Amino acid sequence: MATSTPVHHRSGTTAQAAAAGLTVFAAVMLMLAGIMGFVRGLMAILEDDVFLTTRDYVFQFDLTSWGWIHLILGVVAIGVSAGLFAAMAWARVTGVIIAGLLMIANFLSIPYYPFWSLTLIAVNGFIIWGLCVVRREDV
């Protein structure tokens, strides 16, 4: 009696379509995260009243400093997402790095705007997942 084990493999076109779809997903999410980071940075630089003030936070920075950090990372993220839309080879690795830096920046700024920071940490996690799950031969 012969037993067969199922073989799961994707055809070349299906794998390439999935890879392209995940790259577009990551590019759109990175663009949105960049825009949100830019706006958040702008709000902090203009000293908007939407941020909490925390005195006893270990990683204490001036709110304007946090604003510039988020603004610069947001602009870079928008540029990298444009590279992802153009299927540039450098954009995938740079996208993972920028999303990781955005995660760290949002983690460190949790006391200033907790719900938004946690939301953007999750969004950046999906960006990293979308960029890392694609195999090199599928691209």
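Here are a few things to note about the model shown:
- Each residue in the range 84-100 was checked for being within 14 Å of the chain's Cα centre (by Cα) and of a type outside the set (S, T, N, Q), and 10 of them qualify.
- Residue in the range 10-24 that is loosely packed, with under 11 Cβ neighbours inside 10 Å and either assigned to a loop (DSSP other than H, G, I, E, B) or modelled with pLDDT of 65 or more (or both) present: yes
- Some residue of the range 52-72 being farther than 15 Å from L30 by Cα, of a type in the set (A, V, I, L, M), part of a loop (DSSP other than H, G, I, E, B) and at pLDDT below 85: yes
- The set of residues from the range 94-113 being closer than 18 Å to A26 by Cβ and in contact (Cβ under 8 Å) with a residue 12 or more places away in the chain comprises T94, G95, V96, I98, A99, G100, L101, L102, M103, N106.
- Residue that is surrounded by the fewest Cβ atoms within 10 Å (Cβ to Cβ) [pool: residues in the range 114-136 that are touching a Phe, Trp or Tyr at 6+ places or on another chain (Cβ under 9 Å) and under 17 Å from V24 (Cβ atoms)]: F126
The values are calculated or read from the model by the stated rules, or taken from the named source; none is laboratory data. Here the structure is a predicted model, which is why all the values come from computation and not from measurement. We place every Cβ from the backbone using ideal geometry, glycine too, and count neighbours over all the protein chains shown.
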